[in-house]
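Structure, as C-alpha cells:
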Amino acid sequence: MHSHSHHHHAHIHHDNGTQGRMAIAFFLNLGFAIIEFIGGLLTNSTAIMADAVHDLGDALSIGLAWVMGGLSQKPVSTHFSYGLKRLSLLSALINGLVLIGGTAWVLSESLPRLLDPQMPHTAGMFALALLGIAVNGYGAYKLHGGKTLNEKVLNWHLLEDMLGWIAVLIVSVVMMFVELPILDPILAITFSLFILFNVVRHTWTSIGLFLQKSPDPAMQQQLQTTLLAIPGISALHHLHLWSLDGEQHVLTVHLVSDRVLDANAYQALKAEVNARLEPYRLAHTTIEVELPDEACRDEHYLNQH
C-alpha cells in the first residue's frame, strides 16, 4: 500500500515564492554587509564590525539556501527517488555552522575591547543604525510567513539583526551625550551571545532531521493512535516518521489485520487508511498490511543481523 500527497501544485507555487524572497534577502544582505564593513572602519565601532561579519555570513548563507532551494525542486530520478528536497535541509545546516563560526570570531574580537575600549564615531553609528533597521526590517518582512526551515531560520536572523540595529541606535544616542566607549563592545558581545544561542538551537534541529529524528513526536503518537483505531487492525509495528526537509514528512508502517482479507476487504481497508491519514498531509506514505500470524519480513531481517 503506497500513496503520495496530492498537493504538488501548491508546493511548486510556494517554492517559487520562496526563491523570490530568498533572492531579495540575499542581495539586501550582501549589499548592506559591504556598506557595514566600510562604515565600521570609518566609525571605529566594534559593534558595527561585528554585525558586518554577521550580515556577510547571513548573505552567504541566504545565497547558499537560494541555490540549493532551486536545486531541491528538481524532479525525482532513478538516483534520487525522493528528489533533492534534502538539499534545502543541508543548506540550513551549513547556514547554522557558518553563523556559529562567524559569531565565535566576533566574540574573540570584541572581548579584548572590554579591557581597551575606544570611542566610536557616534553620528556615523546613528546613521548606519537607521539604514540597518530599514534593510533588515524589509528583508524580514519579505521572508515573513515562510514555511520552509530555511525561511524560518533566515527570517529569525534578519529579525535579530533588526533588533541589534535598534540597540546600536540607542547606544549611539547615549554615547552622543555620555562618553562611555565600553558600551560598544558590550553591545557586540551581548548581541553575539543572543545570536549564538538561537543559531545553535536551529542547527541542532537540522542535525536531528538529518539523523532522521521524528520531526514531530506528538504527531507520531497521534498517527499511531489513528491507525490503531481503524476497524480490523489489531496491531502495528515499524512505524517510522521522518522528514525530507523539515516540511515534507514521510511515514512507513506495518499494520496487522485481525483476519484474512479478500480483495474487497483489502480495498476497503486501503480507503479507510487513506481517509484517516489525509488530515496529516504526508508527502509520502508506505504501508504494509500483514495477515494474522504472518511473519514480518523486517523482523526476520533484524534478527538475522
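Values as computed for the structure displayed
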quantity	calculated
Count - residues of the stretch 93-106 that are surrounded by fewer than 17 Cβ atoms within 10 Å (Cβ to Cβ) and more than 30 Å from residue 249 (Cβ to Cβ)	3
Test set (1) under 30 Å from residue 159 (Cβ atoms); (2) touching a residue at least 24 places away in the same chain (Cβ under 8 Å); (3) open to solvent by 60 Å² or more (accessible area, probe 1.4 Å) - residue 245 fails condition number	(3)
Long-range neighbours under 8 Å by Cβ, at least six apart or interchain, first residue polar (S, T, N, Q) within the stretch 270-284, second outside any helix (DSSP H, G or I) and open to solvent by 30 Å² or more (accessible area, probe 1.4 Å)	274/3
The stretch 168-190: number of residues that are open to solvent by less than 30 Å² (accessible area, probe 1.4 Å) and either part of a helix (DSSP H, G or I) or at pLDDT 90 or above (or both)	9
Members of the stretch 81-115 that are among the hydrophobic types (A, V, I, L, M, F, W, C) and within 15 Å of residue 47 (Cβ to Cβ)	105, 106, 107, 111, 114
In the stretch 202-240, residue surrounded by the fewest Cβ atoms within 10 Å (Cβ to Cβ) [restricted to those that are of a type in the set (Val, Ile, Thr) and touching a residue at least 60 places away in the same chain (Cβ under 8 Å)]	207
Residue in the stretch 191-201 that is open to solvent by 60 Å² or more (accessible area, probe 1.4 Å), touching a residue at least 24 places away in the same chain (Cβ under 8 Å) and closer than 30 Å to residue 281 by Cα present	yes
Qualifying positions in the stretch 115-125 - closer than 15 Å to residue 179 by Cα and either crowded, with 20+ Cβ neighbours inside 10 Å or in contact (Cβ under 8 Å) with a residue 12 or more places away in the chain (or both)	117, 118, 119, 120, 121, 122, 123, 125
Selection within the stretch 34-52 - assigned to a helix (DSSP H, G or I) and surrounded by fewer than 21 Cβ atoms within 10 Å (Cβ to Cβ)	34, 35, 37, 38, 41, 42
Residue 85 surrounded by 16 or more Cβ atoms within 10 Å (Cβ to Cβ) and at pLDDT below 80	yes
Residues (farther than 12 Å from residue 273 by Cα and not hydrophobic (A, V, I, L, M, F, W, C)) located in the stretch 229-253	234, 237, 238, 240, 243, 245, 246, 247, 248, 249, 252
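Yes/no matrix, rows are residues, columns are (1) open to solvent by 60 Å² or more (accessible area, probe 1.4 Å); (2) modelled with pLDDT of 85 or more; (3) in contact with a helix residue (DSSP H, G or I) (Cβ under 9 Å, 6 or more places away or on another chain); (4) assigned to a helix (DSSP H, G or I):
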| position | (1), (2), (3), (4) |
| --- | --- |
| 81 | yes, no, no, no |
| 91 | no, no, yes, yes |
| 109 | yes, no, yes, yes |
| 133 | no, yes, yes, yes |
| 153 | no, no, yes, yes |
| 163 | yes, no, yes, yes |
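The values are calculated or read from the model by the stated rules, or taken from the named source; none is laboratory data. Just so you know, these numbers come straight off a predicted model, no measurement behind them. Positions of Cβ are generated from backbone atoms using ideal geometry, with glycine treated the same way; all protein chains shown enter the neighbour counts. Please note that ligands, DNA and RNA were not included when accessible areas were found on the heavy atoms of the full protein model with its side chains. Shrake-Rupley method; radii C 1.70, N 1.55, O 1.52, S 1.80 Å.
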